[in-house]
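Student: So that we are looking at the same thing, I have put the structure below in structure tokens.
A short reminder: the numbers here are calculations on the coordinates, not readings from a lab. Just so you know, these numbers come straight off a predicted model, no measurement behind them. With ideal geometry, Cβ positions are generated from the backbone for all residues, glycine too; neighbour counts draw on all protein chains shown.
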Amino acid sequence: MFENLSEKLDRSFKILKGEGRITEINVAETLKDVRKALLDADVNYKVAKQFTDTVKEKALGQNVLSAVKPGQLLVKIVHDELALLMGGTATDINLKPTPAIILMAGLQGSGKTTFSGKLAHLLQTKRGKKPLLVAGDVYRPAAIEQLHILGEQIGIPVYSEPENKNPVAIAQNALKEARLKGYDLVIVDTAGRLAIDEQMMEEITAIKKAIQPGEILFVVDAMTGQDAVNTAKEFNERLNFDGVVLTKLDGDTRGGAALSIRTIVDKPIKFVGTGEKMEALDVFHPERMADRILGMGDIVSLVERAQEQYDEEEAKRLQKKIAKNQFDFNDFIGQIQQIKKMGNLKDLASMIPGVGKAMKNIDVDENAFKNIEAIIYSMTPLERSNPAVLNGSRRQRIAVGSGTSIQEVNKLIKQFDETRKMMRMLTTAKPGSKKLPSLKR
Ligand SMILES: Nc1nc2c(ncn2[C@@H]2O[C@H](COP(=O)(O)OP(=O)(O)O)[C@@H](O)[C@H]2O)c(=O)[nH]1
Ligand SMILES: [Mg+2]
């Protein structure tokens, strides 16, 4: 995400690196490149011009301190302006009154249904809400089904009336149901068309009027670039929505939409979707996004996401097992699942400063775990908890069962043994003791 833009910005700052002072001439040169980088990233041209004008003004007004190089100073100014452009600080959603009502709006395929599920999941797990999802897309039976499947996955009930073709009535009925059964949050998914049309606008306006949502979120596919900005504008004129959700930021997007939407419609971006999984949702932080665009890496998000998935109790339990040399294949597969839960590996790695660029041309094999998992799943419970029993004939059986080869099975077991040994040394050794292996960095 944003790789193109950060690379280009990086290059334009290089022009300034050797310079001792920010002058009208060298800043103009650099900013011309910055503006071009923004335009290439699909940022609206007016927004790009306004942006570089502001940066220039600020840069020239600064006394360059001797400790700070002009290039660094300009990066800082650009960073702060980028964050401002995207809204400055994070904006929360309105969860009042009870039940709070959130209405989704957006074109077909923008990710409304997926996001409805993700948001319900997030608010249930993080904010202790009791949500009810409402299937308001009545035109395609598959749409109702899709929401039911998501609801099941995350354990959240879905209200639908497959025979009813009136989304306004369905939304009202859902609200009654929520009041009756004590749900404190109602998330209404709606239908979208492929392009903006009058009937769709009237329908969603009618739903808005009937249920008076405290929060209307406009969902938009970040990959649609400039079009995203135009659609946002039209929806905003009709609905006066409260916030924007940018989906598919995990894709090959140039990211310009994130930079322009805020300025054009003057509504905050509140969430970003970064994958198809229900966990792939981030609260939008303008500051952090600016860091990321400029290649500083989004360490804070990374740490938060990792912490969320990592259970401390589990860690303690594992540590004990390791110390007693009881770490087995069950624990091993548990660890693999933890890593997988954290989402797309490349995406995670790209949040680490410096790694984003290095990873650009490397394909992280998401299937790397597939064979390992297949092998472990082909083991009997006894074998998983007592790897020592894995003799030749057992290994042969596992290879056949998992569709791998005996070599692969042997390799995995060998690696497992070595990892186990290493972990044990690391957890049981006292600092300074001879048992501690020297780790070369
Ligand atoms: N990669 C990726 N795919 C997404 C994301 N959000 C939604 N999708 C996919 O985009 C497609 C359309 O999403 P859907 O929720 O059905 O859109 P709707 O028509 O607006 O309800 C589905 O295949 C989703 O799995 C996202 O953040 N990242
Ligand atoms: Mg849908």
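Student: If I model a spin label at SER405 and PHE369 as a point 7 Å from the Cα along the Cα→Cβ vector, what separation in nanometres do I get?
Tutor: 2.5 nm
Student: Take the alpha carbon atoms of the range 83-103, find their center, do the same for the range 128-164, and report the distance between the two centers in whole angstrom.
Tutor: With the range 83-103 and the range 128-164 each reduced to a Cα centre, they are spaced 23 Å.
Student: Got a sec? Charge dipole of the range 100-296, +1 on Cβ for Lys and Arg, -1 for Asp and Glu; which of GLY273, ASN230, VAL186 is way out at the positive end?
Tutor: Among GLY273, ASN230, VAL186, the one farthest towards the positive end of the dipole of the range 100-296 is VAL186.
Student: At what distance in nm do the modelled label points of GLU24 and ILE336 sit from each other, each positioned 7 Å from its Cα along Cα→Cβ?
Tutor: Once both label points are built, they end up 6.5 nm from each other.
Student: Taking R0 as 41 Å, what FRET efficiency do you get between GLU152 and GLN50 from their Cβ-Cβ distance, rounded to the nearest 0.05?
Tutor: So the FRET efficiency works out to roughly 0.30.
Student: Each residue of the range 213-219 in turn: what ³J(HN,Hα) in whole Hz from Karplus with 6.51, -1.76, 1.60 and θ = phi - 60°, glycine and Pro shown as x?
Tutor: x, x, 8, 10, 10, 8, 9
Student: Based on Cβ point charges of +1 for Lys and Arg and -1 for Asp and Glu, what charge dipole magnitude is obtained for the range 100-296 about its Cα centre, in debye rounded to the nearest 20?
Tutor: On the way: 24 positive and 26 negative charges, 111 e Å.
For this selection, approximately 540 debye.
Student: With label points built 7 Å along Cα→Cβ from the Cα atoms of GLN212 and MET422, find their separation and express it in nm.
Tutor: Label-label distance for GLN212 and MET422, simple model: 6.2 nm.
Student: Moving to a separate point now. Just to compare against my own numbers: the Cα pair-distance distribution for the range 149-263, 10 Å bins, whole % per bin, please.
Tutor: Binned Cα distances yield the sequence 12, 37, 34, 16, 1.
Student: For an R0 of 25 angstrom, estimate the FRET efficiency from the Cβ-Cβ distance between ASP227 and ASP266 and round to the nearest 0.05.
Tutor: 0.85
Student: Starting from 0.36 nm per residue, how many nanometres of slack lie between ASN391 and ASP197 once their C-alpha separation is accounted for? Walk me through the intermediate numbers first.
Tutor: Values: separation 194, 0.36 × 194 = 69.84 nm, distance 6.73 nm.
Here the segment from ASN391 to ASP197 would lengthen by 63.1 nm.
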